[in-house]
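**Student:** Got a structure for you, questions after.
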Amino acid sequence: MISVAITAMQQLTEYLRSVPTEVAVNSDMFLQTLAEVIIMISPISPSFASELWEGYTNRITSCSTCDMNQSVQEQTWPELDKDCNMVLNVKCNNKMVFDTTVPYPILNTLSKEEAQQISNSHPVYKRYFEEHTVKGVHLTVKPDYKAIIDYRIPDIDEDVIRKLNKKRKKK
């Protein structure tokens, strides 16, 4: 589980590094996100996070989501933006074929029927799967993280699934 957290933090920091400098220095959202990254790494690496926090609070005068007078360990845990979209992984015969999104507010209560409706409207589903007979559908919801819907379609060409899986991995 810790490796998943570290991977997610690496992805987030890579994204932050890709933000153009002129945007980063003038963006309150960037600075807020940077503060939240430091807060989120504090349980994994408290000493490193404390050093980062010290440097951050010496350069930044205010933060809308944190208390600049408290240590990084005393900050409140960041909350997910209620307007964000979460991932819905779509599988066919237990192999990933494409991803789509689900609004965060409905993720935790997502029903199989809602997940099917969302995935069935995706262009990849319409192109490759719509004409096939679905023998079963399984939905797994990982609260506040993502959902996975798996279609069992025995008569589909496995080469199509492999091609889609390979294409998805390249993204």
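A short reminder: the numbers here are calculations on the coordinates, not readings from a lab. Quick caveat, the model's predicted, so the values are computed rather than measured. Glycine gets a Cβ as well: all are built from the backbone with ideal geometry, and neighbour counts include every protein chain shown.
**Student:** Taking GluC sites (Glu not before Pro) as exposed when DSSP calls them loop (any state but H, G, I, E, B) and at most 12 other Cβ atoms lie within 10 Å, what is the longest stretch of the chain free of them, the sites themselves excluded?
**Tutor:** After excluding every exposed loop site, the longest remaining stretch is 1-78.
**Student:** Something else now. Suppose we keep just the DSSP beta bridges with both residues in the chain; what percent of those would be antiparallel, to 5?
**Tutor:** Looking only at bridges with both residues in the chain, the antiparallel portion is about 70 percent.
**Student:** Normalised by the number of residues in segment 15-88, what is the relative contact order in percent for Cα pairs under 8 Å and 6+ residues apart?
**Tutor:** Averaging sequence separation for qualifying contacts and normalising by length gives 29 percent for segment 15-88.
**Student:** About the Cα centre of segment 50-171, how large is the charge dipole given +1 on each Lys and Arg Cβ and -1 on each Asp and Glu Cβ? Please answer in debye to the nearest 20.
**Tutor:** Taking the Cα centre of segment 50-171 as origin, the dipole is about 840 debye.
**Student:** Which trypsin sites (Lys or Arg not before Pro) in segment 66-97 sit in a loop by DSSP (not H, G, I, E or B) and have at most 13 other Cβ atoms within 10 Å of their own Cβ?
**Tutor:** Answer by residue number: K82.
**Student:** In segment 1-133, if the dipole is taken from +1 on Lys/Arg beta carbons and -1 on Asp/Glu beta carbons about the Cα centre, which of N93, S45, I6 is farthest to the positive end?
**Tutor:** Result: N93, furthest along the dipole toward the positive end.
**Student:** Counting helices only, and only those DSSP H runs with n ≥ 4, report the 222 nm mean residue ellipticity of the chain as the sum of -39,500 (n - 2.57) divided by its residues, in deg cm²/dmol to the nearest 500.
**Tutor:** Taken over the chain, the calculation gives -13500 deg cm²/dmol.
**Student:** For segment 56-114, what does the alpha-carbon gyration tensor say about shape, rounded, prolate or oblate, given a ≥ b ≥ c as the root eigenvalues, a/c under 1.5 as rounded, and a/b over b/c as prolate?
**Tutor:** prolate
**Student:** Based on the alpha-carbon gyration tensor of segment 81-124 and its eigenvalue square roots a ≥ b ≥ c, which shape applies: rounded if a/c is under 1.5, prolate if not and a/b is larger than b/c, or oblate?
**Tutor:** prolate
**Student:** Using DSSP to define loop residues, name the chymotrypsin sites (Phe, Trp or Tyr not before Pro) in segment 113-168 whose beta-carbon has at most 14 other beta-carbon atoms within 10 Å.
**Tutor:** Y145
**Student:** Determine the relative contact order of the chain: mean sequence separation of Cα pairs under 8 Å and six or more apart, normalised by residue count, in whole percent.
**Tutor:** It rounds to 17 percent for the chain.
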